Amino acid sequence: MAINQFDKIALEIANSILTVLELCYTQGVTTTWRDIFLFLRFPEETWKNDLDLDEKIIIGCEQDLVMMREMILSRFSVKH
């Protein structure tokens, strides 16, 4: 199955978020979805209505990071 341009963009978004989360994990800091979206300069209209924007994202171990990776990739996957 070929990847279209929309799929590529969704994958880039997911990978950008994962990069920020991995950086936070390696530095031992917590973040929020609002911080991530602002840092990556995502358009506010795409995330402003999310309910959990200010909840801390705590990644305490590699397993948490793997679970977060799976969640993000599934959230941005495109169904055909």
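Tabulated results
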| read-out | value |
| --- | --- |
| Within-15-Å neighbourhood charge of Ile36 [Cβ basis; K, R +1; D, E -1] | -2 |
| Distant alpha-carbon pairs in the chain (separation over 17 angstrom), percent | 49 |
| Most fluctuating residue given options Thr31, Thr19, Thr46, as computed from a GNM of the chain linking Cα atoms under 10 Å | Thr46 |
| Charge context of Ile57, other residues only, Cβ under 10 angstrom, K/R +1, D/E -1 | -3 |
| Ascending count of other beta-carbon atoms within 10 Å, so fewest first, for Arg69, Arg41 | Arg41, Arg69 |
| Formal net charge of residues neighbouring Thr19 (Cβ-Cβ distance under 13 Å; K, R +1; D, E -1) | -1 |
| Folded to 0 to 90 degrees: helix 62-75 orientation relative to the chain principal axis, Cα | 30 |
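We did not get these values from a lab; they are worked out from the coordinates using the rules stated. Nothing here was measured: the structure is a model prediction, and the numbers come from that model. For neighbour counting, all protein chains shown are included, and Cβ atoms are generated from backbone atoms with ideal geometry for every residue, glycine included.
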